Amino acid sequence: MISIQQNDFNVGDEYAALVANDTAAGAVVTFVGRVRDLNLAREVQGLQLEHYPGMTEKSLQEIVAQAQSRWKILRWRIIHRIGNLYLGDNIVFVGVSSAHREDAFHSAEFLMDYLKTRAPFWKKELTADGSVWLDSQEKDQQAMQRWE
């Protein structure tokens with residue numbers, strides 16, 4: 001399930017949904033991205049996240065289908081917040097359950113690498129010196145290359 005939303009999410013609730021009534025799930029991997037106070041030597045005050053409705057969900061559905069074709073995923077969940085976010089706020093949740101840890105780890109990393117490099121989200125960093133639109137970083141691009 002994919003959610004693009006302004007509201008925060010509860011990590012415990014999301015974990016519980018990944019494993020509810022599923023005794024086949026021997027591995028669960030989750031990732032939560034948060035707004036941090038420093039990025040690229042700039043003091044961050046917050047973020048503004050935008051997306052293209054419809055296009056974003058379609059893009060994420062396609063990447064989930066790719067992950068499912070590569071690994072044995074039992075359940076998955078992607079949440080990405082939009083709007084104005086502040087220090088310490090949750091930004092993104094990726095959760096995957098599988099029978100085995102390798103499938104869970106690899107698929108969660110794959111999904112997160114895609115979100116960082118190719119998903120149609122636009123991120124503006126808010127600082128004391130003004131705002132800056134962010135591109136994906138070289139290290140994120142290199143991480144995505146391993147899946148191609």
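A few remarks follow.
- Residues of the range 94-112 include at least one that is within 15 Å of residue 33 (Cα to Cα) and in contact with a Leu (Cβ under 6 Å, 6 or more places away or on another chain).
- Candidates are the residues of the range 53-88 that are surrounded by 19 or more Cβ atoms within 10 Å (Cβ to Cβ) and assigned to a strand (DSSP E or B); the one that is farthest from the chain's Cα centre (by Cα) is 85.
- Summed over the range 9-35, residues that are within 19 Å of residue 89 (Cβ to Cβ), touching a residue at least 12 places away in the same chain (Cβ under 8 Å) and either in a strand (DSSP E or B) or more than 15 Å from the chain's Cα centre (by Cα) (or both) total 5.
- In the range 89-138, the residue that is surrounded by the most Cβ atoms within 10 Å (Cβ to Cβ) out of those that are among the hydroxyl-bearing types (Ser, Thr, Tyr) and touching a strand residue (DSSP E or B) at 6+ places or on another chain (Cβ under 7 Å) is 97.
- Only one entry of 44, 92 meets the criterion of being β-branched (Val, Ile, Thr) and either part of a helix (DSSP H, G or I) or over 17 Å from residue 126 (Cβ atoms) (or both), and that entry is 92.
Values in this text are rule-based calculations from the coordinates and carry no lab data. On a predicted model such as this, the values are computed, not experimentally measured, just so you know. Using ideal geometry, Cβ is built from the backbone for each residue, glycine included, and neighbour counts are taken over all protein chains shown.
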